[in-house]
Amino acid sequence: MRSPILDYLDTVITETAHVTSGAVADYIPELASAPTDRAAVALCTVNGVVYAAGDVDVDFSIQSMSKPFAYALALADRGIDDVVARVGVEPSGDAFNELSLDPETGTPRNPMINAGAIATHALIDTEDAPAVDRVLDYFSRMAQREIRIDEEVAASELATADRNLGLAYLLHSSGVLEAEPRAAVTGYIRQCAASVNVRDLALMAATLANNGVQPNTGERMLSRVENRQVLSVMAACGMYDAAGDWFTNVGIPAKSGVAGGIIGVLPGQVGLAVFSPRLDSHGNSARGVAMMEMLSEDMGLHLMDVGRPGRTSLRETQLATVEGVDATVYVLQGDLVLSSIEALIHEIVSNPPTTPLVVFDMGRVDEVLPVARRTSSAMATKLHDAGHRVVVIDPEETLTGFTDDQGRPVELWTAERLARGISR
C-alpha cells in the first residue's frame, strides 16, 4: 500500500508544472547549463521518515542553503555572543550579494547574505581540520550519507568570484574577517558547492525541526539554544529581500540557494526541501516558492496558525471482534496535525490491517486540522480499495459527511455503538 503522502507530493509536482518563469543562475557557468524542467519535493518528519517525489535522485549544489548549518557550527565553536558580535542578526532588505554592513560596527547584517556567510565561515574552528571539511562532515552526519563537493561547480564559482572577493577584502580591511580574504572565499565557495538532493536537505531541515537532534541517529547536532538562534535568523533573513513576503505567504523559517533549492523548517513537525532551477528576481526558485506555498496552504504549516503539534496520533492498536466481525481498532489521541497523522499513516502502510473491518476511534482527539482530514480521506480510499470496511468513531460529530477522496462515504459511529458491539 502506497502512502497518500507520496500521492500528495506527486500532486505538488504536477500542479506547479505551469510555473516556468525565472531563469537559471547564468552568472555561474556551471549552473547556467542546468536542465530547467527538473523539479523535486521532499519532507521529513521529526520521526525520521522521508517522503519525496519528482526528480528525487538528482544532485545539485547546496549553495546558500549551506549558510544556516555553517552558522550552527560557528555558534558551537565560538558561542552565540562571540558570533553575534562579528555577524549581526538583522534583516538586510538587500539582495544576497550586496555589501550590507551595520553603519556603526561595520559588521555584516546577518549570516544569510554573502558578506555575513563569508565572515561566518572564517569563524569555524580549524584546529583539527579545515573549515570546509568540518562543514562537509556536519552535512554528512545530518544527511546520513557522505556529502562531497562538486568540483566542477566549485571551479566555476571560483572563476567568477570577484564580487565575493571584493566583499572579503572590505571585511578584512574593517577588521571583521578573521582569515585571509582569498582563503575565506575559497572555503566558503567550496562549502556552497557541496552536492545534495532533496532527501538530504529534508533530513538536514528535519534536524532543525527536531530541536537540533538528527531524527534517525539521535545525534545532537546543535544545542537547543543554538537551534533556536539558527531558526530565528532563518525566519528573519533566510529569503533575502523577499523575507517579508515569504513569511506572510509560507510562514516557516527557510533558506534558498541559487541552484534552485529551498529548505523550510516547521519546528516540532517537519523539514521540507524543494528543487527547481529557475530563479525569480530575488534569487529564489520560482517553482520552488510555488511548491512551498502549496505545501503551507494545504498542510497548515504556517507558524501563525497556532496548534499543538504531537509526534503521533496513534495511542494504541487493538484487535477485536466488533458486531461479530474481526476488526483492527486504531485508538487516536490529541490534535490531528501533519506530523501526528503521518505517524498513523506510516503504521498503516508498514503494517497493513488484515481484518475486514478497520475502526478509527477518535474519542481522545481534540482537533482535526484540514491537512489531517485531507490525508485521512486519501487513506480511507486506499483501505476501501483494499477491500476493508472503514468506520470512524466520532463523538464530537466533527466529520459529518466524511468520505474518501473518491466520494465513498465513511461510516460514522458513536462510542456507545462501538462499546456495545465489541468483544475480545
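The values are calculated or read from the model by the stated rules, or taken from the named source; none is laboratory data. These numbers were taken from a predicted model, which means no experiment stands behind them. Quick reminder, even Gly has a Cβ in these numbers, built from the backbone with ideal geometry, and neighbours come from all protein chains shown. Accessible surface areas use protein heavy atoms only, side chains included; no ligands, DNA or RNA. Shrake-Rupley method; radii C 1.70, N 1.55, O 1.52, S 1.80 Å.
DSSP loop (so not H, G, I, E, B), at most 10 other Cβ within 10 Å: list which trypsin sites (Lys or Arg not before Pro) in region 1-89 pass both filters. If you can, show how the numbers build up before the last one.
Numbers: sites: Arg2, Arg38, Arg78, Arg86; in loops: Arg2, Arg38.
Filter output for region 1-89: Arg2.
Just need the relative contact order of region 314-423 here, percent rounded to a whole number, with Cα pairs under 8 Å and 6+ apart.
Here the relative contact order equals 27 percent.
Quick one: angle between helix 286-299 and the longest Cα principal axis of the chain, in degrees between 0 and 90, rounded to 10, please.
30 degrees
May I ask for the Kirkwood hydrodynamic radius of the chain, worked out over all distinct Cα pairs and given in angstroms to one decimal? Before the final figure, lay out the partial values.
Details: mean 1/r = 0.0442 Å⁻¹.
That comes to 22.6 Å for the chain.
At q = 0.13 Å⁻¹, work out log10 I(q)/I(0) for region 172-274 with the Debye formula, treating every Cα as an identical point scatterer and leaving solvent out; two decimals please.
So the normalised log intensities work out to -0.56.
What value, in deg cm²/dmol to 500, does the helix sum -39500 (n - 2.57) over DSSP H runs of n ≥ 4 give at 222 nm once divided by the residues of the chain?
Numbers: 16 runs with 171 residues, N = 424.
When only DSSP H runs of four or more count, the value is -12000 deg cm²/dmol.
Using only the Cα atoms of region 266-424, what are the Rg and Dmax in Å?
Here Rg and the maximum Cα pair distance are 17.9, 64 Å.
How far is helix 162-173 tilted off the main Cα axis of the chain, in degrees rounded to 10, range 0 to 90?
Its long axis makes an angle of about 70 degrees.
Give the carbon-plus-sulfur fraction of the accessible surface of the chain in %, rounded to a whole number; probe 1.4 Å, heavy atoms of protein chains only.
For the chain, the apolar C and S fraction of the accessible surface comes to 47 percent.
With an 8 Å Cα cut-off and a minimum separation of 6 or more residues, compute the relative contact order for the chain in percent.
Averaging sequence separation for qualifying contacts and normalising by length gives 17 percent for the chain.
Rounded, prolate or oblate: which fits region 384-424 when a ≥ b ≥ c are the square roots of the eigenvalues of the alpha-carbon gyration tensor, with rounded for a/c under 1.5 and prolate only if a/b beats b/c?
Here region 384-424 falls in the oblate category.
Compute a Gaussian network model of the chain, connecting alpha carbons closer than 10 Å, and tell me which residue from Ser339, Ser223, Ser66 fluctuates the most.
Ser223
If I model a spin label as a point 7 Å beyond the Cα along the Cα-Cβ vector, how far apart are those points for Glu151 and Ser350 in nm?
For the pair Glu151/Ser350, the computed spacing is 4.0 nm.
Under a 1.4 angstrom probe, counting protein chains only, how are Ser376, Ser296, Ser350 ranked by accessible area, largest first?
Order by accessible area, largest first: Ser350, Ser376, Ser296.
If you line up the long axis of helix 370-385 against the longest principal axis of the chain, both from Cα atoms, how many degrees apart are they, to the nearest 10?
50 degrees
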